[in-house]
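Working notes, beginning with the structure itself.
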Amino acid sequence: MTRYVARRLAFAGLLVVCVSSASFLLARLAPGDFFTESIAAGGNPEALARARARFGLDKSIAAHYRDWLASAVRFDFGDSMLYDRPVRGLIAERAANTAVLAVTALALATAIGLPLGVFAGSRRGGLLPGAIRAASLLLLSMPPLLTSLLLVFIAARTGWFPIAGMRSASAAPSGVTLDLIRHLVVPSLAIGLPLAAMLERLQAQAMSDVIGEPFVLAALARGVPRRRVVWRDALKAALRPIAGVYGLIVGTVLSGSFAVEVITAWPGLGALMLQALRARDVYLVAGCAAAGALFLAVGTLASDLALALVDPRASEGAAAAEAA
Amino acid sequence: MSHEHACLHAKSSSAGSLAHSFDRPTFWPVSQLSTRLRSRTSISITLLALLALVASTGCGSTPQPEHAAPAAHNPTRGGEIVTSIRSEPQTFNRHSGRDTSTNLVALLTQARLVRINQATQQLEPALAESWTTSADGLTVTMALRRGVVFSDGQPFTSADVVFSFAVAYDPKSASQLADSIQALGKNLTVAAVDDHTVTIAFPVPFAPGLRILDVLPILPRHKLEAAAKAGTFAKAWGLTTPLEEMAGLGPFVLSNYQPGQRLIFSRNPHYYGKAADGTELPYLDRIVVEVIPDQNAEVLRLESGQLDMMTSEISLDAYAPLKRAADQGRLTLLDLGVSPNADALWFNLKPGAFAGDPRAAWIQRDELRRAISLAVDRKAIADTVFLGAGVPVFGAETPGNTQWYWTATPETPHDPAAARQLLASIGLTDRNGDGMLEDARNAPVRFTLITQKGRPNYERAAAIVREDLKKIGVAVDVAALDVSQVIDAFYTKQKYDAVIYNAIKTDIDPGTNPDFWFSSGSAHVWNLRQKTPATDWEKRIDELMARQIASRDEGERHQLYDEVQKIFAEHLPMIYFVAPRVYVAHSTRVLNVTPAVARPQLLWRPDTVAAVH
C-alpha cells in the first residue's frame, strides 16, 4: 500500500511538471507576448524592451524554459507580468477561494445527488422517480456556463442572492460567514447542480443493479424493512461505482470551473487562469496549470484511497498490479 | 472654443427610485433543502418549485425592487456608489501600467496640474491654479495652489511637480507616460521658481500645449524619491504595497484592496477641491469598485441595483434590458453621442511588403481601397454590427470629434457598380465568367483580412466586408486571431494583407497624435516608422501636420487639419466605416454626474459625483 501511495505521488508530481511545462511552452510558442498589445497601444518601446528582458521574454524559448524549470523545482514560478508579484502567492490566494467554492459545490452535489439517486434507483416506475430522472437529464444537458447564467439571471431578477463576488463590501465583521454563504449560493449551485444530476444518475443506476441482487431479495424475504435494506445494505454495495468516479469529479471541480468563476466574479483559480491566458502572462498560465494539475492529482489520489478503504478489493488489485 | 458634444444627446429617464438590494433577506437557506428531503412530497415540491422559478423568471415576471425615492437632487456630502471594472489594476503606479483599471486608480487617488474637461474639451486648472504663457509660447509659468497637502498630511510643493516630471522622463523608471508628455518626441523642461511656482519650457512650438499634462499624476516626492534613486521606481506601488505607504492629491485614497474582488476608495480628508458653493469635495464618502470579469454579470448587477454605474460604456447588446430598467425608473440611460473613435480596415502599405507576390501589382493601389469604400454598405454595418446605433464615417475623424471633424468630408455612396468600374481601371476584371475578378495574370483577386477574435464588432464587420466584396468579385478570407497575434502581424512583423482593428487616438486634438500622422510615427499603422515618406501624399501630410502642431493660430490649425483630412479621404490609407454611439447607464441614486464620451464616462470627474444617501 505504501509503495502504491508513493507511486501515485510520483505520478502526481510528473503530471504537474508535464502540465505546467506544456502550458508554459504553448504560451511562449504562440505569436506575440504579454507586451505586444502595450506596444500597439503606444507604450514606450525602450521601457517595454526592458520589461521584456526582465521577464525573460527576450531569451530563446529553450533558454527561457530551462530557467523557468530550474526555478519552478524550487517552487518559484516567477513573477506575474499582469500583477507584478510572485505567482506562488497569487496562486495560493486564489486556490484557497476555489477550494471553498469547490468543496461547497461538491457537498451540495453529494447531498442532493446521492439520496435522490438511491431513491430513484430503488423504485421501479412512479411519477416522482420519473420527475427526478427528467430533472437530472435536463441538468446534465446544461453546461455549467448556461446553469450559471440562468442562476445569475434568477438572482438578478429576484434579488435573493448576490450575483457576483465572494464577499460584500459592506459586510459587518460579525456577519462575514453568513455573507460568504450568501455569495456561495449562485456559483456553488451552478457547479453543484449538474454534478448532483450526474451523481444521481450514477447512483440510481448502481442502486437499480444492486436492488435485484440475491442478498437484497433475501433480506426483504426475511422481513427486514425495505427502507433499512435500501439505505443500509443496498446503498453500501451501490456506493462502489460512485466512489470510483468521485475522485475524478473532485479533481475536475477543484481544478477550476472557469466559466462559473468568471460569470459569478468568484476570485478563484479559474478566473485567474482565464485572465492569464488572455493576457499571455506565461508564468501565471504555467502556475495556474500546475495548481490545477495538482488539484486533479490530489483529488484522484484521495478518492482512490477512499475507495480502497470502502472496498479492500481495490487496494488488493492495485497491489497485485504493482507486484506484477 | 466651446464644445459640448458630450451633453447634446444626453437624456434622463423620469426620476426613479432606489433599487439597492444588498440587504434583501435570504429565504432559501441550504439547511432548508436537507429538511425538505425528509419527505417524498417535499422532494417533489422542491423540484417543482425550482422548475417553476426558472419558468417564471424566464417569462420576465420582475418583482418590484424596494423603492426609496431620492430625498433631494442637490448633491450633498456623504454616501457611496458601487461601480465595476472588468479586471484588476496591474499596479497602483500609473507610470507602470497602461490598463484602464490602473488609470482609474490614478484618477481617483491622484491629481494633475491641469485637467481636460472631457465634456467641454477645455483645459481646467487643477493643482495649477493659473498659468501664463511667454510671448513665444514656449514657456508656461504655473502658479500652484497653496495650502494643498497630500493624503498623508505632507505639504505639496513645486518639488513634487519637478519630481513627477523627472521620474517620468528617467529611463530607469520605464514610465509608460514618458512619450505622452513629450512635445514631438522631446522632453519638457520643468523647473521650480519657488515652492508654489513652476516653469514648463517646451522644446519646440507645440500647439496642444498643456493638454498633454492631463495624463501626468503629481506624485509625493517624500514617498517615492528613494525608489527613484534606487532605480526601483517601476516596481514601486505594486499590488502588494501596504496601502498606508501610498499617498496622493486626488479626491480619494485607496483604503481597502481585496485581490480579485474589489477596491474601496475612501474620501481623502485633505483633498483641495471645493464646489462652487464652498462645499468641500469630494461629495462621496466612498467609491466601491467591484471586479466583475464578465460583462453579462456586470449588466445584470447594474440592472438589479447591485451596481450604481459601470466605468465603461454599455455594450449595444445590453441596451434593451437597460432601456427597460430605465423605463421603469430604476436606471438613467444616457446617449452620449457619437464616439470619436471608429474601427478601420487598412492594408499593409509598406513598400516591398508584397515583393514576389503576384498581387503586388494591385493590392497596395489607391483604387482598390476606394473600391472597397464604395462596395461596403456602411448602413448594413451600422444596423448589423451596432444595432442601428452607429453613424457612417468616411474620413480620419468621426462626427463625434466636433472640434476637428472636417464637415466637408465627402460621403462615399454605397455603389458596387462604381467599385467594379474602379477595379476594372486597374486591370481587375472577371476574365473567366465565374463572377469573381482576376488580375492581369489571371490570378484571382483575393486577400486575407485578419481581425481580433472574440470581438463581435470586428468579426461582424469583417463578415460584412467579405460578403460585400464578394458581390463585386473580390474574395476575402477572414482570419480571426488572438489580439497578440493580430498585433504581432501588423505591428511587430508587418506581415499581413489587411486588418480590421481600432487605432485609438489619445486625444481629440490631432496635435497630440503625431505618431499616427507623421510617416515616421510608430502609430502610422499602414506603414510604420518610415525613414522618408513613401508617398507624396504622406510627405504632404507630414508638412501640413508639422505646421499644424507648431501654429498658435487656431483658425490656421483647423485649416491645415482640414487639408490633412482631405488628403486622407482621397487616398484612404485607412477605411473607416461606422462610428458607434456611446451609451452609459447609472442608477437613479447617483447625482451630479457630468457625462463625457471618453472613459470613464461618468467618473472622469469623481470629486463632484454624489449619491442619494
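At a Förster radius of 51 Å, what calculated FRET efficiency corresponds to the Cβ-Cβ distance of residue A:3 and residue B:384, to the nearest 0.05? Spell out each step's value before the answer.
On the way: r = 64 Å, r/R0 = 1.26.
So, using R0 = 51 Å, E works out to roughly 0.20.
Averaging over all projection directions, find the projected area of the Cα convex hull of the protein assembly as shown and quote it in nm² with one decimal place. Walk me through the numbers before you get to the answer.
Working: hull surface 181.5 nm².
Mean projected area of the Cα convex hull: 45.4 nm².
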TODO: Can you check how the C-alpha radius of gyration of chain B compares to 2.2 N^0.38 Å, as a plain ratio?
DONE: 1.08
Task: Selection from B:448, B:337, B:351 lying farthest towards where the dipole of chain B points positive, charges on Cβ - done: B:448
Task: Inter-site label distance for residue A:170 and residue B:559 at 7 Å from Cα along Cβ, in nm - done: 6.0
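Cα-Cα over 26 Å: which of B:323/B:453; B:323/B:379; B:186/B:453; B:379/B:493?
Values: B:323/B:453 28 Å; B:323/B:379 23 Å; B:186/B:453 37 Å; B:379/B:493 34 Å.
Violating the 26 Å Cα-Cα cut-off are B:323/B:453; B:186/B:453; B:379/B:493.
State whether the stretch B:298-386 is rounded, prolate or oblate according to the following rule on the C-alpha gyration tensor (a ≥ b ≥ c being the square roots of its eigenvalues): a/c under 1.5 gives rounded; otherwise a/b larger than b/c gives prolate, and the remaining case gives oblate. All intermediate terms of the calculation are to be shown ahead of the outcome.
Details: a/c = 4.39, a/b = 3.04, b/c = 1.45.
Prolate, because a/c is 1.5 or more and a/b exceeds b/c.
Can you give the FRET efficiency for residue A:205 and residue B:466, using 1/(1 + (r/R0)^6), R0 = 35 Å, r = Cβ-Cβ distance, to the nearest 0.05? The partial results should precede the final answer.
On the way: r = 49 Å, r/R0 = 1.41.
Efficiency for this residue pair is about 0.10.
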Open item on the list: Through the Karplus equation 6.51 cos²θ - 1.76 cosθ + 1.60, θ set to phi - 60°, convert the phi angles of the stretch A:83-89 into ³J(HN,Hα) values in whole Hz; use x for Gly and Pro.
Closed with: 10, 6, 8, x, 4, 4, x
- [ ] Just name one of B:428, B:295, A:107: the one whose Cα is farthest towards the positive end of the charge dipole of the protein assembly as shown (beta-carbon charges, Lys/Arg +1, Asp/Glu -1).
- [x] A:107
- [ ] Scan around residue B:583 for amide H atoms under 5 Å from its own, H built in the peptide plane at 1.01 Å from N, and keep only partners 5 or more places away or cross-chain.
- [x] B:314, B:336
Task: Contact order normalised by residue count of the stretch B:90-238, Cα under 8 Å, 6+ apart, percent - done: 30
Open item on the list: Less than 29 Å apart at the alpha-carbon level, and either on another chain or at least 8 residues along: which lysines does that give for residue A:236?
Closed with: none
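In what sequence do B:309, A:273 fall when counting other Cβ within 10 Å, fewest first?
Placing the least packed residue first, the sequence is B:309, A:273.
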TODO: State the Cα centre-to-centre distance between the stretch B:91-120 and the stretch B:237-285 in whole Å.
DONE: 13
Task: Interchain or long-range residues, amide H under 5 Å from residue B:591's placed H - done: B:610, B:611, B:612
Task: Spin-label zone in the stretch B:448-486 - amide nitrogen under 20 Å from a point set 7 Å from the Cα of residue B:493 along the C-beta vector - done: B:448-454, B:477-486
Task: Point-charge dipole on Cβ atoms (K/R +1, D/E -1) for the protein assembly as shown, about Cα centre, debye to 20 - done: 3340
TODO: Could you work out how far the C-alpha centroid of the stretch B:165-228 sits from that of the stretch B:315-346, in angstrom?
DONE: 37
Task: chain A - Rg (one decimal) and Dmax (whole number), Cα, Å - done: 23.9, 86
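Can you tell me the relative contact order of the stretch B:287-350? Whole percent, Cα pairs under 8 Å, sequence separation 6 or more. Walk me through the intermediate numbers first.
Working: 23 pairs, mean separation 14.0, N = 64.
RCO, the stretch B:287-350: 22 percent.
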Open item on the list: Using Cβ counts within 10 Å as a stand-in for footprinting exposure, how do B:100, B:608 rank, fewest first?
Closed with: B:100, B:608
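Taken together, the values in this text are just the output of simple stated rules run on the coordinates, not laboratory data. Just so it is clear, the structure is predicted and the values come from calculations on it, not from any experiment. So basically every Cβ, Gly included, is an ideal-geometry build from the backbone, and we count neighbours across all protein chains shown.
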